[in-house]
């Protein structure tokens, strides 16, 4: 068994580079650049890269006022549709972040210091479309330390070969299956070989292969939970429980073993002698969604040499606060293989899961991209509200002055921006940054869409007519609001533990189920 190397340091994030892992932020907002927040992450936490995607841009542009002035200027330019205006904003952001990361790019000799920019998700099955847009975005940004993000679809693989051959850096996204990862790595090698044959410089091209983590466990855990309800014996029960919360890490560890094999072969050594860099595995989707697990479990278990860990802001904050850095990625490999064998024993197809996750992921990005373009188009027509959740109110005179003073203070002190950055100094500078999961809960729940839909279908199929929600306050309010405005509201009962009389309203039902919010 390989010994786990652990490093003790005040800031756990600072320990990761010493263990061979780079930290990239999975978030891109203009306000983070202009406010200096991104620079602080680079200086204080060792951040060395930034990734983006259509969903992140949608949140950034529609969920803040950061882009209002720029959009107002762009609407006055003739001939720019919503997509062209979006690209102008995205390119400007990529340029700003690339410039900020340039010293890292130089210091690490092109290993780190990258910002990524996606081609349109509507081109995921159009090889020529991806190639044309990738080349256009690469030229528009005009920075050596940008990566163009290409999906790992059958049509994306040949695009990767050609882009690498042209010297364009590529972040390959939406990888779930180990076989697909190997196809992506093969495409990178072929692209390098073609570039070398043409006399191109191999030292100037880089790529990462983004393997998604959390979504796999979300899918497997939901399936196992459903199967447990009809498990015929204790052996089957133990088998199913052993799958919960373990498959994603096992899959990633075995993918890393393939990486080590591919990038130690004689074929690779020939490219390395010409200055080629390995195509590192990048851990994407690292926010833990399984409640019993540690919120930094995926990050802790996947620390190892020649890897990149992307972190959402909240996950980065959590690891800084209580992460336990140690080189665990190359340990317990036999156990990882056993986990995937157990999947076969349980009758669960890894291929079916990864195919479905790829399709769902691509659709989620298409939807986010479409919402983004609609919002930009409305802004140009003067129908865009300018800020998310604009509202009006009337206050008693006795409190109006105090409220207006407080609102002005929040505006002048950029407290809304600090709130989105999980700045605990807005309160007591304690652990409040861990209490703010509600800020992006909607996007987090999109990762659970498939198991939630499956649960709803099962409840309907089994004939349940009533749901009793066992709540204790704030955690039940959303469900209560949805229930009151749903066509099936008569079948929903909200049981508040702190309101005794509500017990009398929850009458018996022949077919009912109870739910307890966390």
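For segment 170-181, enumerate the residues that are part of a loop (DSSP other than H, G, I, E, B) and surrounded by fewer than 23 Cβ atoms within 10 Å (Cβ to Cβ).
Passing the criteria: only 177.
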Does residue 307 satisfy being touching a helix residue (DSSP H, G or I) at 6+ places or on another chain (Cβ under 6 Å), assigned by TED's automatic domain parsing to the domain that holds residue 17 and either at pLDDT below 95 or under 27 Å from residue 263 (Cβ atoms) (or both)? no
Conditions: (1) under 18 Å from the mean Cα position of the chain (by Cα); (2) in a loop (DSSP other than H, G, I, E, B); (3) at pLDDT below 90. Residue 61 meets all but one. Number of the miss? (2)
Return yes when residue 414 is farther than 30 Å from residue 353 by Cβ, surrounded by 10 or more Cβ atoms within 10 Å (Cβ to Cβ), modelled with pLDDT under 75 and not assigned by TED's automatic domain parsing to the domain that holds residue 316 and no when it is not. yes
Residues to consider are 76, 111; find the one that is in a loop (DSSP other than H, G, I, E, B), within 24 Å of the chain's Cα centre (by Cα) and surrounded by fewer than 23 Cβ atoms within 10 Å (Cβ to Cβ). 111
Which condition from (1) outside any loop (DSSP other than H, G, I, E, B); (2) modelled with pLDDT of 70 or more; (3) surrounded by 15 or more Cβ atoms within 10 Å (Cβ to Cβ); (4) in contact with a helix residue (DSSP H, G or I) (Cβ under 8 Å, 6 or more places away or on another chain) is the one that residue 479 breaks? (4)
Go through segment 350-388 and report how many residues are more than 22 Å from the chain's Cα centre (by Cα) and modelled with pLDDT of 95 or more. 0
Find the residue count for segment 7-58, including only residues that are part of a helix (DSSP H, G or I), modelled with pLDDT of 95 or more and either within 22 Å of residue 285 (Cα to Cα) or touching a strand residue (DSSP E or B) at 6+ places or on another chain (Cβ under 7 Å) (or both). 10
All conditions in (1) at pLDDT below 95; (2) assigned to a helix (DSSP H, G or I); (3) surrounded by fewer than 18 Cβ atoms within 10 Å (Cβ to Cβ) are true of residue 337 except (1)
For residue 43, indicate whether it is over 24 Å from residue 378 (Cβ atoms) and in contact (Cβ under 8 Å) with a residue 12 or more places away in the chain. no
Return the residues of segment 133-147 that are in contact with a strand residue (DSSP E or B) (Cβ under 7 Å, 6 or more places away or on another chain) and under 14 Å from residue 95 (Cβ atoms); say none if nothing qualifies. 137, 138, 141, 145, 146, 147
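The values are calculated or read from the model by the stated rules, or taken from the named source; none is laboratory data. No experiment lies behind these values; they were computed from the predicted model shown. Cβ sites come from the backbone with ideal geometry, for glycine too, and all protein chains shown count toward neighbours.
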